[in-house]
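Asker: Handing you this structure, nothing more for now.
The values are calculated or read from the model by the stated rules, or taken from the named source; none is laboratory data. Keep in mind that what you see is a predicted model, and the values were worked out from it rather than measured. Cβ sites come from the backbone with ideal geometry, for glycine too, and all protein chains shown count toward neighbours.
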Amino acid sequence: MAPAVVLTHVEDPYASHWSCRARAPYADEAPTFDDHWTCRERPPPVSTPRKTFLARRAAASTPDVGQPMRHPGVLALPQDKTLVNLEGNIGAGKSTLLRVLKAAYGGCSAVRFVDEPVAQWERAGLLAALYAGKMSPAAFQLTAMVTRAAALKEALADPFAKVIISERSLASDRAVFAETQLSGADRDAYDLAYETIELPAVAATATVLLECPVEELTRRVARRRRDGENHVSGEYLQMLEAAHERYFATLDRASRVDASAAPDDVARGVVNAINGLVAPSLPKPRMRSPTSVADLVDNDSDV
């Protein structure tokens, strides 16, 4: 089991940036982080100069009567967070990638993941109904938007998360799926709902697009046997691929990663892409060997 992690912040001049503080060392190796992150088992003893500094800072930041006390810098406000959206076609490997990254970061509370709420849709039978033509695309896309927004809001409310890594985004849902499947009054209703949803502002947003040939996507979709996806055709995937390309061309802070490689290699490529797009950088992940990711890949995986 990965060690529990807590955070301290940079506003103290005797500390350095954000630091992950593990309560127990890893069993097989010491965690390695980049220059923005350090890992230590116990906080160092507080020196007299530091005590003086903390006392002065506490006195200067005493809240008004009736206002809740909040230690400055310990919790991250939404506008302090960085949102990274992982985009890609059906079967590109987004779900598998998130499982590998979650294992690599070992529960570090500064990194929060937002899964696409596919499990909710499957439990309600929505995907099967959509692909079988028993549910309108408008009804499904509105449901997808609301459930996705709820998952993202929960992550943004996490006071310790600094980097949010999300499987797809509200913007790509609109640009890819709503754009290709909705028209007329259905599209007007979707756009109105989209513009009504309010999410906290973040410090920065970046996008990583997972690229994979449509032929390989078709094989992956057939192999994973997700409920209802037997109706997904190569022509449909090609249409979504073109929509993803149009959406990607509109983004300023974005990068591409080859998703046809082994899961660990894809994860390394994504981490490097994120570090090239946003700051602070992610801590260096503890990647598993290519032969040890099999337990992270099951029949429902993208690869």
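Asker: Just to verify a result, which residue in the range 238-253, among those that are crowded, with 16+ Cβ neighbours inside 10 Å and touching a residue at least 60 places away in the same chain (Cβ under 8 Å), is nearest to Gly276 (Cα to Cα)?
Answerer: Phe248
Asker: Oh, and also: Out of Arg225, Arg174, report the one residue that is closer than 27 Å to Ala273 by Cβ, in the same structural domain as Ser109 (by TED's automatic domain parsing) and in contact (Cβ under 8 Å) with a residue 12 or more places away in the chain. Spell out the reasoning first.
Answerer: On the way: Arg225 fails: closer than 27 Å to Ala273 by Cβ.
Unique residue meeting the criteria: Arg174.
Asker: Which count do you get for residues in the range 153-201 that are crowded, with 19+ Cβ neighbours inside 10 Å and more than 23 Å from the chain's Cα centre (by Cα)?
Answerer: Selection size over the range 153-201: 3.
Asker: Looking at the structure I just gave you, is Arg220 at positive phi and surrounded by 14 or more Cβ atoms within 10 Å (Cβ to Cβ)? Don't jump to the end; show me each part of the working.
Answerer: Details: at positive phi: no; surrounded by 14 or more Cβ atoms within 10 Å (Cβ to Cβ): yes.
For Arg220, the condition - at positive phi and surrounded by 14 or more Cβ atoms within 10 Å (Cβ to Cβ) - is not met.
Asker: Which residues, taken from the range 229-238, are part of a helix (DSSP H, G or I) and touching a helix residue (DSSP H, G or I) at 6+ places or on another chain (Cβ under 6 Å)? Break it down stepwise before answering.
Answerer: If we filter the range 229-238 for residues that are part of a helix (DSSP H, G or I), which is where we start, we get 229-231, 234-238.
Of everything in the range 229-238, those that are part of a helix (DSSP H, G or I) and touching a helix residue (DSSP H, G or I) at 6+ places or on another chain (Cβ under 6 Å) turn out to be Glu229, His231, Gly234, Leu237, Gln238.
Asker: Sort out which residues of the range 223-237 are surrounded by 15 or more Cβ atoms within 10 Å (Cβ to Cβ) and at pLDDT 80 or above, and write them in order of number. Give the steps one after another, and end with the answer.
Answerer: Let us first name the residues in the range 223-237 that are surrounded by 15 or more Cβ atoms within 10 Å (Cβ to Cβ), namely 224, 226-229, 232, 236-237.
Arg224, Val232, Tyr236, Leu237 - these are the residues of the range 223-237 that are surrounded by 15 or more Cβ atoms within 10 Å (Cβ to Cβ) and at pLDDT 80 or above.
Asker: Yes or no: Leu209 part of a loop (DSSP other than H, G, I, E, B) and either of a type in the set (A, V, I, L, M) or surrounded by 13 or more Cβ atoms within 10 Å (Cβ to Cβ) (or both)?
Answerer: Numbers: part of a loop (DSSP other than H, G, I, E, B): no; either of a type in the set (A, V, I, L, M) or surrounded by 13 or more Cβ atoms within 10 Å (Cβ to Cβ) (or both): yes.
Here the answer is no, as Leu209 does not meet what is asked.
Asker: Pairs needed: first member in the range 205-219, charged (D, E, K, R); second member anywhere, assigned to a strand (DSSP E or B) and surrounded by 20 or more Cβ atoms within 10 Å (Cβ to Cβ); C-beta distance under 8 Å; at least 6 residues apart or different chains.
Answerer: Glu211/Gly88; Glu211/Val257
Asker: Also: Report, by residue number, each residue of the range 142-180 that is among the β-branched types (Val, Ile, Thr) and out of contact with any Leu (no Cβ under 8 Å at 6 or more places or on another chain).
Answerer: As a first pass, look at the range 142-180 and keep what is among the β-branched types (Val, Ile, Thr): 143, 146-147, 163-165, 176, 180.
If the condition is that a residue be among the β-branched types (Val, Ile, Thr) and out of contact with any Leu (no Cβ under 8 Å at 6 or more places or on another chain), then Val146, Thr147 are the ones that fit.
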